[in-house]
2 protein chains.
Amino acid sequence: MLLTEKQKGLIEKIGIVTEREGMQPAAARIVGLLYVADNPELTFEEIVQALHISKSAASNALNLLLQTNRIEYTTFSGDRKRYFRIKVANWREGFAKKMEDMTSFSQVLQEVLNERNPETVEFNKNLAELADFLKYVNNQLPGLLENWEKMRKGQ
Amino acid sequence: MLLTEKQKGLIEKIGIVTEREGMQPAAARIVGLLYVADNPELTFEEIVQALHISKSAASNALNLLLQTNRIEYTTFSGDRKRYFRIKVANWREGFAKKMEDMTSFSQVLQEVLNERNPETVEFNKNLAELADFLKYVNNQLPGLLENWEKMRKGQ
DNA sequence: AATTTAGTTCTCAAAATTATGAACTAAAGA
DNA sequence: TCTTTAGTTCATAATTTTGAGAACTAAATT
């Protein structure tokens with residue numbers, strides 16, 4: 001596979017963002033590659049060769065990405081290879097996941113609040129505010145998604 | 001400082017969330033401690049003792065947290081100690097930061113889109129959708145914050 | 001049955017991250 | 001000026017993470 005310098009740069013950029021989200025380096029590069037490559041369906045070998053990583057690194061990273069639902073693959077009859085691709089149509093799920101994380105953090109804050117020394121009034125007030133805001137955002141986000149869908153259709 | 005089992009558990013929970021956000025372990029536990037401790041203003045030594053970490057670990061972690069604007073400290077005249085506390089009133093800033101991250105990812109996706117093979121129509125469509133949604137959410141979130149403030153005042 | 005091949009697993013090494021403890025600094029107080 | 005103390009820095013140790021390469025597996029092909 002041929003990658004332009006521009007493409008390599010973008011893979012790096014996406015890789016860095018994805019790493020910051022907690023992905024390991026090899027997996028993060030694979031994500032970048034699958035976003036950028038001319039053909040969005042790549043085989044195991046193409047990935048290994050494009051990123052200059054070992055088969056074991058590729059195998060581990062691909063399985064991790066499959067487990068975390070960030071990629072998927074298809075096969076074709078009479079061809080043993082798997083064709084991996086980013087689940088880009090899947091971003092709604094990823095979005096939902098982030099919301100869950102937020103909710104659960106809000107709940108931890110609520111728990112903290114229940115345990116807190118009641119004498120630290122100002123501090124507790126701020127904490128309660130934060131917990132409440134997180135809850136609010138969480139409630140509002142699904143509506144935001146709906147509105148966006150509507151707006152799209154409207155156009 | 002005396003910590004109940006419940007408090008220790010909460011420090012751990014917050015620590016794990018904070019680590020997942022990219023903080024190093026010691027810093028993440030300090031964050032947890034400052035949320036949970038009865039007194040939300042702790043000295044260097046109290047932190048060292050409460051978390052059983054070395055002075056150097058505490059020093060590094062506290063400076064990291066100061067730099068990233070997650071904590072601050074006050075001093076009192078005639079007392080050389082610094083009293084560290086979570087910038088919990090500061091969550092709006094943290095929120096803004098997350099939004100920026102989102103925007104910049106949306107921009108990377110836009111760049112990817114500009115470079116993409118135009119023949120992969122479906123893929124490109126999904127990508128464009130994602131980029132557009134991120135942009136949309138970004139535009140809407142400030143209004144969400146405003147509405148929340150209004151709602152608060154209204155109550 | 002032997003071979004090819006897509007991918008996995010295992011062992012181990014390299015690299016990066018994190019933490020320790022001791023020595024040090026600098027301001028304050030005696 | 002000597003001592004105390006809050007915090008820093010440095011060398012280095014421990015731990016974790018990551019990746020390589022070779023051996024292996026299992027299905028398909030010959």
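The values are calculated or read from the model by the stated rules, or taken from the named source; none is laboratory data. Fair warning: this is a prediction, and the values are worked out from it, not measured in the lab. Here the Cβ is made from the backbone with ideal geometry for all residues, glycine too, and neighbour counts use every protein chain on show. Protein only, heavy atoms only, side chains kept; ligands, DNA and RNA dropped before computing areas. Shrake-Rupley method; radii C 1.70, N 1.55, O 1.52, S 1.80 Å.
Structure notes:
- Answer residue from region A:27-63, given it is touching a helix residue (DSSP H, G or I) at 6+ places or on another chain (Cβ under 7 Å), open to solvent by 10 Å² or more (accessible area, probe 1.4 Å) and closer than 16 Å to B:Leu127 by Cβ and is farthest from DNA strand D (Cβ to nearest atom) among those: A:Pro40
- In region B:111-128, of all residues being within 8 Å of chain A (Cβ to nearest Cβ) and surrounded by 16 or more Cβ atoms within 10 Å (Cβ to Cβ), the one that is nearest to A:Gly32 (Cα to Cα) corresponds to B:Val112.
- If you filter region A:13-26 down to residues that are open to solvent by 10 Å² or more (accessible area, probe 1.4 Å) and small (Gly, Ala, Ser), you find that the one that is farthest from the other protein chains (Cβ to nearest Cβ) is A:Ala26.
- Scan region A:64-96 for residues that are open to solvent by less than 40 Å² (accessible area, probe 1.4 Å), within 16 Å of DNA strand D (Cβ to nearest atom) and of a type outside the set (Val, Ile, Thr) and the total you get is 1.
- Among (1) assigned to a helix (DSSP H, G or I); (2) in contact with a helix residue (DSSP H, G or I) (Cβ under 7 Å, 6 or more places away or on another chain); (3) open to solvent by 70 Å² or more (accessible area, probe 1.4 Å) - the single one B:Met1 does not satisfy: (1)
- A:Leu3 being of a type outside the set (Asp, Glu), within 16 Å of DNA strand C (Cβ to nearest atom) and more than 10 Å from every other protein chain (Cβ to nearest Cβ): no
- Restricting the search to helices (runs of 4 or more DSSP H) fully inside region B:44-130 and requiring at least 3 residues that are hydroxyl-bearing (Ser, Thr, Tyr) and under 23 Å from the mean Cα position of the chain (by Cα) gives B:91-115.
- Enumeration of residues in region B:64-75 that are in contact with a helix residue (DSSP H, G or I) (Cβ under 9 Å, 6 or more places away or on another chain) and of a type outside the set (A, V, I, L, M): B:Thr68, B:Asn69, B:Arg70, B:Glu72, B:Tyr73
- Applying the criterion of being of a type in the set (Lys, Arg) and out of contact with any Ser or Thr (no Cβ under 9 Å at 6 or more places or on another chain) to the residues of region A:135-153, the residue that is modelled with the lowest pLDDT is A:Lys153.
- So B:Ala27, is it under 30 Å from A:Ile16 (Cβ atoms) and either aliphatic (A, V, I, L, M) or not in a helix (DSSP H, G or I) (or both): yes
- Verdict on B:Pro40 being more than 10 Å from every other protein chain (Cβ to nearest Cβ) and either of a type in the set (Phe, Trp, Tyr) or more than 15 Å from DNA strand C (Cβ to nearest atom) (or both): no
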